[in-house]
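Right, one structure below, let's go through it.
Rule-based calculations on the coordinates, nothing more; no lab input. Given the structure is predicted, the values throughout are model-derived calculations rather than measurements. Cβ sites come from the backbone with ideal geometry, for glycine too, and all protein chains shown count toward neighbours.
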Amino acid sequence: MKVLKSLFILFLFLVCSNSNQAQGLKKVTEKTTRAANDAVDKATGKAMDNNDSKPVTARKAEKRTADKLEASLVDGGLLPQYGEPCVSSEELQNRPGRYFTADQYPWPASRAEYFKKLTTAAEKNTAKQTLAQIEKLEQESRSNQAPTGGSWESTYSSEGYQYLDEKRLADYRLQIGFYNYICVKKKVERNGEYSTVLRVFVNSLRLNTLSKFLSNISYRGNMSDSKYSCKDWKNYKAGVVSPKISLFNYLECNDAILINTINSGKGYWQDVPENKIRKNTYDNVYRYWFIKKSDIPVLLPVSRKEYLESLLEFYEREELYLPKSTNYEEKSNEGRQKYFGDLPAVLANKKALVNDVLRNKSSEWLSEQAVVNFQEDSYQNQKQKLPEYSSDFTFRTFYDSSEKGARALYQYNPAYFAATKQNMADPELITIAFRYVPMPAHLKLIDNFTNNFDADGWKRILMPVGEGQGTKKQKSPGRGF
């Protein structure tokens, strides 16, 4: 009945200023609600759809009632009908919007793919229940405000499995895209692309849109997709996600406030300061919340010693990988010398540089956090004309975090993921990424979500059944630019 609730609110919102219309609306909504409830009650106990916990007949009755309500809105001139006359896209931003849950997504084939990349029935069920909780929280944040200016549409998806530290977790997510109304050739149309989108990633920090500030170190190495990047490379199986060597588990970051937001789980972090946002443009802005299950930090600093020792492990893997790499095998002897150099000598030199630092620096110095600058290292490699394919991660020095291009290194905290769970879809952490554009209809969505953010409700998703009940709702503080 979620869609009915949204439409009822929409009705009330639009006609509240007119008492006669309000009285008429009250009668219509009461009558429709009774009809919907009767239909659902009659359907209870009948055959269940294999892919849904709701009775088939009940869902059909709900859909028919929702369709009637939408038709009423269209007939009353409130809800825009695609193809109807319009003057401009701007005038459509305050027109009533539509909302579709993931279960109402109109393409059955796509719905059937929601959890295809998860293995067991238990994992699929857990993922579905978790995303349903998340979807409900988002709906509750809009309980007093119906969407306007477009269509707010939900979908689920799964991405298989990944390792955080050495913990194998199912990776799945919710996406809700805002497809705004547009006026094309003086007719109302649904924009086929979304500018504003809410994405919720379960068991993932989801680094791709954060890469300017936080990224995985592995993308810098030529070996990152090879079996030799895996901790147990001898038992590597193609297509099976495996734990990586230490170096490729490290994250590099240039924003201490972002790390604090992740580790505290409090407030939100935004990639563009409020005073630098250009209003009434379609410039993308990302706002993030990070939901965690305890006071234990998710990320820990990588010490200089840990980084240097991980380099030695990487060099050992390079000895195995480089002579068998496609780039090496396809080169002539002249090409190998140009792009790889005297490979045994190059690798021996890289090891010697690292071992020299480990021997001669104090334990106190080695215990400090590793801060690297791959931009500067790459420049120096080119300046010294080091061979391109064998000079990855040649150590030079550690840097100060204030230097241009410098990034501090972090790693997933084993203690955070210490508890053993049989179900890999059990939620361990959640990343909420709300991308929006500073246009009126879009700002309503992000402002409403932020102002009604239920921090305790989100935390309860990560708690075992029976825990975390009865806590008081807390609003989320901002970043404080």
A correct fewest-to-most ranking of S224, S264, S391, S310 by other Cβ atoms within 10 Å would be S264, S224, S391, S310
For region 153-237: relative contact order, % (alpha-carbon pairs under 8 angstrom, 6 or more apart): 20
Rounded to the nearest 0.05, what FRET efficiency do E319 and E193 have when you use their Cβ-Cβ distance and R0 = 41 Å? 0.30
Computed lengthening from N448 to S143, 0.36 nm per intervening residue step minus Cα-Cα distance: 108.8 nm
A convex hull over the alpha carbons of region 170-317 yields, per residue, a volume in Å³ of 177
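Rounded to the nearest 0.05, what FRET efficiency do E334 and N222 have when you use their Cβ-Cβ distance and R0 = 22 Å?
0.65
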Which value in nm describes the separation of the simple spin-label points at S88 and R278, placed 7 Å from the Cα toward the beta carbon? 1.9
³J(HN,Hα) across region 428-437 via Karplus (A = 6.51, B = -1.76, C = 1.60, θ = phi - 60°), whole Hz, x for Gly/Pro? 9, 7, 9, 10, 10, 10, 10, 8, 9, 10
Long-range amide H partners of G150, meaning residues 5 or more apart or on another chain whose placed amide H is closer than 5 Å, are G97, R98, Y181
Output ³J(HN,Hα) for region 445-458: one whole-Hz value per residue in order, computed from phi by the Karplus curve 6.51 cos²θ - 1.76 cosθ + 1.60 with θ = phi - 60°, and x for Gly and Pro. 5, 5, 5, 5, 4, 5, 5, 10, 5, 9, 4, 5, x, 5
Given axes a ≥ b ≥ c from the Cα gyration tensor, I'd like to know whether region 371-444 is rounded (a/c under 1.5), prolate (a/b larger than b/c) or oblate. oblate
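Give the calculated FRET efficiency between N208 and Y379 to the nearest 0.05, with a Förster radius of 25 Å applied to their Cβ-Cβ distance.
So, using R0 = 25 Å, E works out to roughly 0.45.
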Would you mind ranking V197, V372, V241 so that the residue whose beta carbon has the fewest other beta carbons within 10 Å leads the list? V241, V197, V372
Calc'd 3J(HN,Hα), region 151-164, phi into Karplus 6.51 cos²θ - 1.76 cosθ + 1.60 (θ = phi - 60°), Hz, glycine/Pro = x, comes to 10, 9, 10, 9, 9, 10, 7, 10, 10, x, 9, 8, 10, 10
Taking 0.36 nm per residue of sequence separation and subtracting the Cα-Cα distance, how much length would be gained by fully extending the chain between K117 and D342, in nm to one decimal? 76.6 nm
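May I ask for the net charge around F314, where only other residues with Cβ less than 13 Å from the Cβ of F314 are counted and Lys, Arg are +1 while Asp, Glu are -1?
-1
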Quick one: if you stick a label point 7 Å off each Cα along the C-beta vector at I257 and Y236, how many nm between them? 4.1
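To the nearest 20 Debye, how big is the dipole of region 300-412 about its Cα centre, given +1 on the beta carbon of each Lys and Arg and -1 on that of each Asp and Glu?
So the dipole magnitude of region 300-412 works out to roughly 200 debye.
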